[in-house]
1. Loop sites only, by DSSP: take the GluC sites (Glu not before Pro) in the chain that have at most 13 other C-beta atoms within 10 Å and name the longest stretch containing none of them.
2. Note down the magnitude of the dipole of segment 237-339 about its Cα centre, charges +1 on Lys and Arg C-beta and -1 on Asp and Glu C-beta and zero elsewhere, to the nearest 20 debye.
3. Using a 1.4 Å probe, what is the accessible area per residue for the chain, in Å²?
4. Could you tell me which residue out of I343, V245, M316 lies farthest along the dipole of segment 224-368 toward its positive end? Charges go on the beta carbon: Lys and Arg +1, Asp and Glu -1, centred on the Cα centre.
5. How large is the helix-only mean residue ellipticity at 222 nm for the chain, computed as the sum of -39500 (n - 2.57) over DSSP H runs with n ≥ 4, divided by its residue count, in deg cm²/dmol to the nearest 500?
6. Given charges of +1 on the Cβ of Lys and Arg and -1 on the Cβ of Asp and Glu, with all other atoms neutral, how large is the dipole of the chain about its Cα centre, in debye to the nearest 20?
7. Using +1 at the C-beta of Lys and Arg and -1 at the C-beta of Asp and Glu, which of V75, A19, Q291 has the Cα lying farthest in the positive direction of the dipole of the chain?
8. If exposed means no more than 10 neighbouring beta carbons inside 10 Å and the site is in a DSSP loop, what's the longest run of the chain without any exposed trypsin sites (Lys or Arg not before Pro)?
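The values are calculated or read from the model by the stated rules, or taken from the named source; none is laboratory data. Because the structure is predicted, anything quoted here is derived from the model rather than measured. Cβ atoms come from the backbone with ideal geometry, glycine included; neighbour counts cover every protein chain shown. Ligands, DNA and RNA are stripped out before the accessible areas are found, and what is left, the full protein with its side chains, is counted by its heavy atoms. Shrake-Rupley method; radii C 1.70, N 1.55, O 1.52, S 1.80 Å.
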Amino acid sequence: MTDLLVLIPDFKALGIELATVLMFGSLLLLLLTGMPLAFVTLLVALIFALGWFGPGAVPLIVSRIFSFVNSFVFVSVPMFVLMAAILDRSGIARDLFDAMRLVGGRLRGGIAIQTLLVAVVLAAMSGIIGGEVVLLGVIALPQMLRLGYDRKLAIGVCCAGGALGTMIPPSIVLIIYGLTASVSIGDLFTAAFFPGLMLAGMYAAYILIRAYSNPDVAPIPEVGEIALSEKLRLLKGLFLPILVVMFVLGSIYGGIASVTEASAIGVLGVTISTIIRREFTPKLIMGAARQTLATVGMIVWIGVGASALVGVFNLMGGIRFVQALITGVSDEPIVVILFMMLILFVLGMFLDWVGIALLTMPIFVPIVSQLGYDPIWFGVVFAMNMQVSFLSPPFGPAAFYLKSVAPPDISLGEIFMALLPFIMIQIVAVALLIIFPGIAVG
């Protein structure tokens, strides 16, 4: 330990200004080497803790980490991830897509609208985007391509629709924000519900405008009249998913259950659905458990690293320094908010949303409150901003998820080009939330 301390410079002598530049510069350089974000943040936190405070700072890092993982609400994260993993392995999503044929009908662009509706229901069931994008890529994308839909429109609908889990409760993004900002997750869910549906509505409007202005973009499929018996069979595919959504969101909004309790209700509902459908097997549940362990493990490790780094930076006085820098940008509160949105937009191109939330919100949320804005509203704006990060190049995860299941002739470059109109719609949605904060009503 003594040998290690000799190698670490005295960062305190540099002052907080140079130390801040050095900390985030080393963070960026280590990320460029390909090291995982969780390990980079932990390493930088440890080095700067030892260099600024000495060995006595290590227990402070441990206590900071413990306070993060000890939150009761955090239990809801693995529950919602498990819901998504079970959905991923069952046929519920496929039957849901088939059932939406009753909604799409002979509407021009109906399959794309049908895909969007499925995405909304799946988002309201699980709140995880990765599985939704993959499911839509497997189920909806081949269907649209087969029917002659414009490739870019089909790709964009699958990616943008799958990413709606960021906004529509029970969103994991909102849960992590609530934990970081110390605000009510139930209030966040209530405030985000309409903006999430608004964004889905904006996507639907774009699809219909494209489809009716250029019929070749979205041909109407040649299908006959659906018999009553077939309609009843299709409606069965809607019943169980809608029931699960009603139980999960209804219990939260009705004040019957907390978010954590509702997540357990959701897992129970999805599990019972697979039993009723005779799909429940030991292989299904073990696969879902492994997927949940991998996903939650990643979230926890990023959370641990980011909490340690923010804790050390706070003790150094860095958070006060950065807050002064940000508020010094302008005397106009709205300009400061826009500057923070720009920072989040740029970070979203390179970092995972978990890391962004845990690294920036301890700095941003006090500024937001100080400027007189509602942290609940800002959480909804943050989640909408993260919508953009899921699609934007060069590291938009939704594009990579879709590429993993898309036909080989669809390149990653084509996927990113297809997403540009949807990214513009998301930016417009962020602007609407900032101009009309009443849209996000907590």
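1. Working: sites that count: E222, E225.
Maximal segment without exposed cleavage sites: 1-221.
2. Computed charge dipole of segment 237-339: roughly 520 debye.
3. Values: 18620 Å² over 442 residues.
Per-residue value: 42 Å².
4. V245
5. Computed ellipticity for the chain at 222 nm equals -25000 deg cm²/dmol.
6. Computed charge dipole of the chain: roughly 920 debye.
7. Checked the options; the winner is Q291.
8. Numbers: sites that count: R106, R278.
Within the chain, the longest run free of exposed trypsin sites (Lys or Arg not before Pro) spans 107-277.
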